[in-house]
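Here the structure is laid out as structure tokens; the discussion comes afterwards.
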Amino acid sequence: MQHPYQTLTLSEKVAQLFMLGYEGLSPNPITHRFLERGLGGLIFFRDNFDTLPQQTPLAVAQLMADFTARIPAHLPAPLLGIDQEGGQVERLPHTLFPTALTPRAVALANQPDDLAETMYRQLAQNLLSVGLNLDFFPTLDVNFQPNNPIIGVRSFGDDAQTVWRFSKIALQAFQQAGLIAVGKHFPGHGNGTVDSHLDLPTLHFTAEELWPFQQAVEAGLPVMLVAHGYYPALQTTAEEQKLPASASPAILQGLLRQQCGFQGVIITDDMCMGAITKHRSPVEAALASLKAGVDILLYKQSTEAEWDVYEAVIHAFESGQLPMSQLEESLQRIAALKSRYLKPFSAQTITLTSQQCAQQAALTAERGITELAGKADLLPLAPQAPCLLIHPERDSMGNYAFDAPTSPALNLLFEQAGFSMLQSLSYPPKQAFSAAAISEKIGVAPEVIVFVSFNPLIYTSQADLYEVLRRQYPTTPIILASAGTAYDRQSLSEPDLHLSLCSYRPATMQALATLMATGFSAEAQVAASQPVRQA
């Protein structure tokens, strides 16, 4: 099979099958070793940007240009990818790139289609402007489980039609801009209650779950990321028992290639996840995925372990353990992808500024807070009235913890908004804690309580604290602001006003403080008078 990479050596060809990350600001010697072989792609994480000497979009662009220049001239340019979904999953810091909304916040917002079109067009243009050419988005999973620990607000909703409605908008925006879209997590991670970062989940599969993926394939999705999950309904033979989907011929060949008709590039989820590492050695896992039909292996790191995998894959093709024809077919698909999407890039052409980043993030965040239930006329709050603010500690909020050193805490934002009688109490959101120990710290009886929750269906101590406050102040209005999923009324009953944030990024925190002080705009009040959205 002829393709532009026909003249590469075997080691250079195999390097195209790897997409790797690295820790910290500077790539390590093994990363450089891979780059010298023509590494197929790099994936970037938050720690690659946090310590950039200049926290500007230009600094990111210069980093991307530097990586492209490190690839020998006779070898293909690399994929430069990132998880920039919006809200909970964003790898570029808010200090140098506009924060976007989580998918769920988009779907719940007023005039959501217009918001999605604007936001995803800007996201694609901004990513390309700083030199990135691939985004691991859209998330095509249907979030069937309210207590799903890995998807949640990363999904547009809990029905397939909503998921595809907004995924289609994102995909079209990416296609029009020339950014590679990666759909995930095939064939669906929405029924999970086990985090595949920690172990291999067994997932219940439904035809409804497949529908957004099928639609994306038919709409021209160029890359599909396959989940590390076990699907008994799809993997029915003895050979497939407890295999992750990323190593399953039944799912990759039978379902994705043949039934769905996908002809693009297949990439694994991160091969460093517990779903893989707890059950197979790195070499065994990689060879199984390639044998099943994966085109690109994804790793969050580049260490000696990944180099050992790389050498083992070369040997597998040399020895015939993996057929050379499969390598050529994967290279054909990768070459077609890069030929279509990768364009010459110069950091000097960037026009995105730090000021524009802040402005875009602020405008988007304002639109991302939605009234789900209750009485919007509680707002604005009287700034001189005693107000009790209950909020999560960002230091233990996963991805949101990265923002704590570079942005004010929520209580400071409330104070800056004019709340002079504010009492602020925080809780560890992902840990069990004593509700009584927190409530005992309350001094002046509040006239209003603002309770910022974070997935209380999973982290149940928050429900205990909420009920203690309800009993302690039975006539005091409670405003519930959901920083995680918007299902919180299932465990935090009857708030006087329920707002969905679906995010705890600095721009959303600022928008919440401002909303408490100013109330909803006239336009938002008209939109809120429409039928209440289902969380």
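The values are calculated or read from the model by the stated rules, or taken from the named source; none is laboratory data. Computed from a prediction, not measured in an experiment: that's the story for all the values here. Positions of Cβ are generated from backbone atoms using ideal geometry, with glycine treated the same way; all protein chains shown enter the neighbour counts. Just so you know, the surface numbers come from the protein's heavy atoms only, side chains and all, with ligands and any DNA or RNA stripped out. Shrake-Rupley method; radii C 1.70, N 1.55, O 1.52, S 1.80 Å.
Among the residues of region 71-124, those identified as closer than 25 Å to N48 by Cβ, of a type in the set (G, A, S) and modelled with pLDDT of 95 or more are A77, G81, G86, G87, A100, A124. Region 417-521 holds helices (runs of 4 or more DSSP H) entirely within its bounds, and those carrying 3 or more residues that are over 27 Å from A365 (Cα atoms) map to 435-439, 461-472.
This table checks each residue for (1) more than 28 Å from V182 (Cβ to Cβ); (2) within 22 Å of the chain's Cα centre (by Cα).
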{"site": "K338", "(1), (2)": "no, no"}
{"site": "A347", "(1), (2)": "no, no"}
{"site": "C387", "(1), (2)": "yes, no"}
{"site": "H391", "(1), (2)": "yes, no"}
{"site": "M397", "(1), (2)": "no, yes"}
{"site": "P405", "(1), (2)": "yes, yes"}
{"site": "A409", "(1), (2)": "yes, no"}
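Could you please tell me which pairs satisfy a Cβ distance under 8 Å, a separation of 6+ or placement on different chains, a first residue in region 446-472 that is within 19 Å of L410 (Cβ to Cβ), and a second residue that is open to solvent by 30 Å² or more (accessible area, probe 1.4 Å) and outside any loop (DSSP other than H, G, I, E, B)? Final answer for the pair search is P446/Q423; V448/L378.
Conditions tested, residue by residue: (1) at pLDDT 95 or above; (2) within 21 Å of S302 (Cβ to Cβ); (3) not in a strand (DSSP E or B).
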position	(1), (2), (3)
P232	no, no, yes
L243	no, no, yes
L255	yes, no, yes
Q263	yes, no, yes
I276	no, yes, yes
A286	yes, yes, yes
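The single condition from (1) surrounded by fewer than 22 Cβ atoms within 10 Å (Cβ to Cβ); (2) assigned to a loop (DSSP other than H, G, I, E, B); (3) under 25 Å from the mean Cα position of the chain (by Cα); (4) not acidic (D, E) that A59 fails is (2). Looking for something in contact with a His (Cβ under 8 Å, 6 or more places away or on another chain), at pLDDT below 95 and of a type in the set (A, V, I, L, M, F, W, C) - is there at least one such residue anywhere in region 207-222? Scanning region 207-222 turns up no residue that is in contact with a His (Cβ under 8 Å, 6 or more places away or on another chain), at pLDDT below 95 and of a type in the set (A, V, I, L, M, F, W, C).
Looking at region 353-380, which of its residues are open to solvent by less than 20 Å² (accessible area, probe 1.4 Å) and farther than 18 Å from S500 by Cα? C357, the sole residue that qualifies. One residue stands out among those in region 407-443 that are farther than 20 Å from L501 by Cα and aromatic (F, W, Y): the one that is surrounded by the fewest Cβ atoms within 10 Å (Cβ to Cβ), which is F433. None of L410, L388 is in contact with a His (Cβ under 9 Å, 6 or more places away or on another chain) and hydrophobic (A, V, I, L, M, F, W, C) except L410. Cβ-Cβ below 7 Å, separation at least six or inter-chain, first residue in region 309-335 and surrounded by 15 or more Cβ atoms within 10 Å (Cβ to Cβ), second of a type in the set (F, W, Y) and outside any helix (DSSP H, G or I): which pairs? Cβ pairs passing all conditions: Y310/F18; L331/Y5; A335/Y5. Taking region 297-308 as the range and being part of a helix (DSSP H, G or I) and surrounded by fewer than 21 Cβ atoms within 10 Å (Cβ to Cβ) as the test, the residues that pass are E304, A305, W307, D308. In region 209-224, the residues that are on the phi > 0 side of the Ramachandran plot reach residues that are open to solvent by 30 Å² or more (accessible area, probe 1.4 Å) and in a helix (DSSP H, G or I) with C-beta atoms within less than 7 angstrom, at least six apart or across chains, in these pairs: G220/Q175. Does any residue of region 201-218 turn out to be open to solvent by 10 Å² or more (accessible area, probe 1.4 Å) and under 18 Å from E85 (Cα atoms)? Checked against the condition, which is being open to solvent by 10 Å² or more (accessible area, probe 1.4 Å) and under 18 Å from E85 (Cα atoms), region 201-218 yields no hits at all. In region 1-56, the residue that is nearest to H315 (Cα to Cα) out of those that are polar (S, T, N, Q) and open to solvent by less than 20 Å² (accessible area, probe 1.4 Å) is Q16.
Does A170 satisfy the condition of being touching a Pro at 6+ places or on another chain (Cβ under 8 Å) and modelled with pLDDT of 95 or more? It is true that A170 is touching a Pro at 6+ places or on another chain (Cβ under 8 Å) and modelled with pLDDT of 95 or more.
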